[in-house]
1. Among Lys74, Lys244, Lys119, determine the one that fluctuates most according to a GNM of the chain built with springs between C-alpha atoms less than 10 Å apart.
2. Would you mind counting up the charge near Ser116? Only other residues with Cβ under 12 Å from its Cβ, with Lys and Arg at +1 and Asp and Glu at -1.
3. Calculate the dipole size of the chain relative to its Cα centre from +1 charges on Lys and Arg beta carbons and -1 charges on Asp and Glu beta carbons; express the result in debye to the nearest 20.
4. At what distance in angstrom do the alpha carbon centres of the stretch 61-138 and the stretch 178-243 lie from each other?
5. log₁₀ I(q)/I(0) of the chain at q = 0.12, 0.15 Å⁻¹, via Debye over equal Cα point scatterers, no solvent, to two decimals?
6. Listed highest first by mean packing, meaning other Cβ atoms within 10 Å per residue, what order do 210-223, 81-94 come in?
7. Compute the long axis of helix 315-327 from its Cα atoms, compare it with the longest principal axis of the Cα atoms of the chain, and write down the angle in degrees, 0 to 90, nearest 10.
8. Quickly work out the Asp182-to-Glu25 label distance, labels modelled 7 Å from Cα along the C-beta direction, and quote it in nm with one decimal.
Amino acid sequence: MQRRQFIKSTTGLTAGGLIPGIFSEATKAQYPELDKHKISHTEVVELNYHWPRFVGKNGRIDFHGQDKKLIVLKIHTDQGAMGWGLSQKEAENHTQFVSGKAVGDLIQPGTGILASVDKSLDFALHDLMGIILDKPVYQLLDNKGTKANTTYSGMIYLDELNPENKTKGIDAILENCAWDYDYGYRQLKVKIGRSGRWYPHEAGLAKDIEVVKAIYDAFRDRQVEILVDSNDMYSLDDTKAFLKGIGDIPLFWVEEPFTEDARLGRELRQWMNQNGFERTYYADGEARPQFELCMEMASDKVLDVYLEDIYGLGFTNWMKLGTRLRSENILASPHAWGNMLKTHYICHYAAAYGGVPTIEGVTCLSDDIDFGTYPLVDGKKTVSDAPGFGMSILK
Ligand SMILES: [Mg+2]
């Protein structure tokens, strides 16, 4: 689906209607402080961060590495306020439009950014708005979710294939699971799909089953829940063979078994319902999401959790979608892989809209970024109450 079509279909059905081209005076009158701040200048900055360990292959993509960079946009006002957020280099092409404008002419609580403001400014403007109004972002939205939400580790990869793990085999994966458990996670998302690229087909399927069984056996006394993600590398038959292979091990969700497809999805859902996986969620819509198809599959009770990326879709579009999903009783867990800024943005989304059964946790460390106060205790992450998104740049 074309993006324009998507945004129309997403926003057209919400209570708030389309993203406005201009805010009414009545809307603006509620937050006069936003009109006192005019955008003085912007900066696009590259920041360093790293994952706590080397991250290996998933079913589809080769080694992910450890040391990473991300691009953020800082937006300053003539009153000395500054907000920042995940962005991209191309933001430089769109910042001229906001220069000299009042913040209240670009963004409003609950509505988000104007249709004419580029998506690359979305997160920085939300942060700035929260800082000016001295409120965490989630309190400026619907505020219908919960502050503490189950959060899973999304960092259990095909780590037996990492060069340094040649002699360790599955023990390398179990060590990573133990690290994530000690860090506070009580859900582990395990990458599977070895049958696609990295192993002969049958050997890959057998290894996927062996890995999940080993993790279950190692953590079964500690109430750890397992999610699996094939990154679209399974067929329907592979998915059934995998689920048969793990037997009665409970799974929290099955993610991207294959590219979303109405017929295959329905067959999988029926098979899962008849074979002991009726309580396991089917999550999809991450890679090249087919939005309308996913919504149809969700209405048909085939797809349970919609996964489109928090940055890729944008915060304002997710706000519009969150209202619609809540009215239609569809769950979501915006994709966060890459960095913890995204995990924390989703904490605000979840606190505002609810309907998030679990959040993707991407553990990150950085000398350039203070990721704020979002404690992870017994598997639940609590949203920060600091103004804006509550994170800061250290360099
Ligand atoms: Mg995934």
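1. Looking only at Lys74, Lys244, Lys119, the largest GNM fluctuation is found for Lys244.
2. It works out to a net charge of 0.
3. Numbers: 44 positive and 55 negative charges, 90 e Å.
Dipole of the chain, to the nearest 20 debye: 440 debye.
4. So the separation of the two Cα centres works out to 37 Å.
5. So the normalised log intensities are -0.93, -1.36.
6. Answer by packing, highest mean first, reads 81-94, 210-223.
7. The two axes meet at around 70 degrees.
8. 6.3
Taken together, the values in this text are just the output of simple stated rules run on the coordinates, not laboratory data. All values reported here derive from a predicted model rather than from experimental measurement. Every residue, glycine as well, gets a Cβ built from its backbone with ideal geometry; the counts of neighbours run over all protein chains shown.
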